[in-house]
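Coordinate-derived values only; no laboratory data. This is a predicted model, so every value here is computed, not measured. Don't worry about glycine lacking a Cβ; one is built from the backbone with ideal geometry, like all the others, and counts go over all protein chains shown.
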Amino acid sequence: MSEVMIDAADGGRFSAYVAKPAVKPGGGLVVIQEIFGVNAVMRELCDWYASQGFLAVCPDLFWRQQPGVQLTDKSQEEWNQAFALMNGLDQDQAVEDLKATLAWLRAQDDCTGKAGSVGYCLGGRLAFLMATRSDAEANVGYYGVGLDGLLGEAGAITAPLLLHIAENDKFSSPDKREALLAGVAGNRWVTAKVYPGMDHAFARPGGEHYDEDAADEANRLTVEFFRTHLG
């Protein structure tokens, strides 16, 4: 576990948390943050993916606004700050930073050269955009926000994409969920799995809506997916 600096395509450098697998090399994973920054939850996720055999790196996407943000979901003040940072994020620019992270990953001796992305919440949305805009070998999104509004790009997906969707996501609606499912139904690259009764962030340990069974299932499917497509 360590922190590295990665060069942005448009100048500047941003930090990223890295967790290395015990057996090297492994497939590379860009782990994409929630709205709370590269906090303890994201670092622990990287450590867990490393324990599953992947080289995992989580870049700081808020660095242009405020480097080193580490918020929790435990207070309204932190939620307010997190939403302000999300609203201030240039998501197109964030995808470019993720693509720079992907290139950094592939150049590491600990990586096989194959790499993908996995994102949560805001990161789930950005993982969808990585599927449409990058050459990542595989991508996974957990409860991505507003994916129905990105369906115009779905035709650009040419690598496997797995979407974990919370049936009762408080940041979505049944209409938006059904529009997303209909929009990807004919795409052979996309697998969309709905988790009945689950709310947003059901896989965030310690979170308000955490559900151990659903989280375990989603995580198992994610690891199997990456072992298949990054192996």
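What percent do you get for the relative contact order of the chain when only Cα pairs under 8 Å and 6+ apart count?
17 percent
Ranking request for peptides 218-226, 22-30, 64-72, 140-148: highest mean number of other beta-carbon atoms within 10 Å first, then the rest in descending order.
140-148, 22-30, 218-226, 64-72
Once the other residues with Cβ under 13 Å from the Cβ of Lys114 are scored (Lys, Arg +1; Asp, Glu -1), what is the net sum?
Summing Lys and Arg as +1 and Asp and Glu as -1 gives -1.
Considering only DSSP beta bridges where both residues belong to the range 2-230, give the percentage that are antiparallel (nearest 5).
On the way: 11 of 34 bridges.
Percent antiparallel among DSSP bridges in the range 2-230 is about 30.
Evaluate the distance, in nm, between pseudo-label points positioned 7 Å from the Cα of Trp189 and of Asp7 along their respective Cα→Cβ axes.
Here the answer is 2.8 nm between the modelled labels.
If each DSSP helix of 4+ residues adds -39,500 (n - 2.57) and the sum is divided by the residues in the chain, what number results at 222 nm, nearest 500 deg cm²/dmol?
-11500 deg cm²/dmol
At Leu181 and Ser51, where each label point lies 7 Å from the Cα along Cα→Cβ, what is the point-to-point distance in nanometres?
3.3 nm
Using only the Cα atoms of the chain, what semi-axes does the equivalent ellipsoid have when each is the square root of 5 times a gyration tensor eigenvalue? Give whole Å, largest first.
Result for the chain: semi-axes of 24, 21, 18 Å.
Can you list the residues, at least 5 places off or on another chain, whose amide H is less than 5 Å from the amide H of Lys114, using H built in the peptide plane?
Gly28
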